[in-house]
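Below: one structure, written as structure tokens.
The values are calculated or read from the model by the stated rules, or taken from the named source; none is laboratory data. As the structure is a prediction and not an experimental result, all values here were calculated from the model. FYI the Cβ positions are ideal-geometry reconstructions off the backbone, even for glycines, and counts take in every protein chain you see. In case anyone asks, the SASA skips ligands and DNA or RNA and just uses the protein heavy atoms, side chains included. Shrake-Rupley method; radii C 1.70, N 1.55, O 1.52, S 1.80 Å.
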Amino acid sequence: MSNILCMAVSKINSDSKLEYNQDLGADTTHLVYQAMSEIVVHSAETFIQEDFEIEVFQDNVDSYQEIFHRNFQNVHDVWKQDGPNNILFLDCDTLVTAPVEVFGKFKQFQMFNYTDPKRLSGDDRNNKYGLDFEHYFNAGCRYYPAEMNQSVWDLGWQYAKDWDYNIWGTEQLIFNAMMYSQNPDVNHWLTPDMNYQAMGVPCNDVDNSARIQMLNEWNGVNINDAKIMHLHGTRGAANTLLLQWELWRRITGEKFEFERFNVVQDQTGANKLSLK
């Protein structure tokens with residue numbers, strides 16, 4: 001049995017339609033997500049207390065949805081290989097921000113905090129599976145224990161084999177169904193410091209006290225107590241990468257060095273990305 005951190009840095013084909021980050025284009029978006037993964041891995045290696053291996057999935061795909069679909073199979077394969085294994089999956093737009101114990105600490109498949117909005121709504125509520133959740137959790141940070149019951153995987157596969165490509169949140173719907181099949185009580189799962197939602201934070205305005213207060217109230221936990229944060233990269237990948245960099249600088253004092261990007265300041269003193 002191994003402890004494995006899984007991530008995905010897949011490339012959307014240049015001639016495909018981007019659901020998000022259209023301003024960057026597919027090639028630059030891929031570079032930005034690669035850079036995100038670099039700092040996430042560094043943050044995990046710094047703060048996760050247990051030993052673990054790293055597995056990064058790199059597929060060529062036609063859409064974000066195909067990334068999610070392939071991730072379902074990819075994670076299942078890694079979970080089974082020479083295992084079962086303990087797996088922590090982190091999206092590229094997360095950051096481990098404080099010492100945390102993960103592997104072996106949770107005994108069921110789970111996510112940790114609400115998504116935004118907290119109730120399943122919009123087009124995703126009209127999914128072809130008929131799934132609906134009053135307490136809807138975010139899949140940016142999720143944990144698959146080695147002792148995960150096969151029946152939970154089987155439930156997930158019932159939906160994953162008939163993936164709904166017509167809505168955004170298919171993977172999140174499936175993971176909520178899997179999680180709640182083990183226990184329907186939201187309070188059994190809610191651990192917001194393990195996936196603090198920091199949506200809508202401009203990289204050059206992280207000290208906005210009103211925004212921080214709103215986020216603390218929304219999450220039900222103080223940002224200073226967060227162990228893992230989710231920064232919502234689909235709402236602006238370049239901003240998210242700069243936000244990761246700035247948060248890491250403030251937390252550790254380290255100015256992280258990306259492989260393909262420099263962080264520079266413009267004439268106003270605001271941080272910007274520059275390709276090396």
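Assorted remarks:
- Failed condition for ASP154, given (1) in a loop (DSSP other than H, G, I, E, B); (2) of a type outside the set (Lys, Arg); (3) open to solvent by 40 Å² or more (accessible area, probe 1.4 Å): (1)
- Scan of the stretch 74-120 for residues that are farther than 20 Å from TRP189 by Cα, in contact (Cβ under 8 Å) with a residue 12 or more places away in the chain and open to solvent by 60 Å² or more (accessible area, probe 1.4 Å), ordered by number: ASP82, PRO99
- Here GLY122 passes the criteria (1) on the phi > 0 side of the Ramachandran plot; (2) in contact with a helix residue (DSSP H, G or I) (Cβ under 8 Å, 6 or more places away or on another chain) except the one numbered (2).
- Condition met for VAL75 (over 18 Å from VAL56 (Cβ atoms) and in a helix (DSSP H, G or I)): no
- Residue selected from the stretch 1-14 under the condition modelled with pLDDT of 85 or more and either surrounded by fewer than 17 Cβ atoms within 10 Å (Cβ to Cβ) or small (Gly, Ala, Ser) (or both), by the criterion farthest from ASP62 (Cα to Cα): MET1
- Taking the criterion of being closer than 25 Å to TRP163 by Cα, of a type in the set (A, V, I, L, M, F, W, C) and within 14 Å of the chain's Cα centre (by Cα), the residues of the stretch 76-107 that qualify are ILE87, LEU88, PHE89, LEU90, CYS92.
- The C-beta contact set for the stretch 15-37 (first residue at pLDDT below 70 and of a type outside the set (A, V, I, L, M, F, W, C), second residue open to solvent by 30 Å² or more (accessible area, probe 1.4 Å) and assigned to a helix (DSSP H, G or I), distance under 6 angstrom, 6+ apart or interchain) comprises TYR20/THR234.
- Counting only helices (runs of 4 or more DSSP H) that sit completely within the stretch 163-276, those holding 1 or more residues that are more than 30 Å from ASP123 (Cα to Cα) and open to solvent by 20 Å² or more (accessible area, probe 1.4 Å) correspond to 209-219, 237-252.
- Residues satisfying the stated conditions in the stretch 50-68, i.e. open to solvent by 20 Å² or more (accessible area, probe 1.4 Å) and touching a helix residue (DSSP H, G or I) at 6+ places or on another chain (Cβ under 7 Å): ILE54, GLU55, VAL56, ASP59, PHE68
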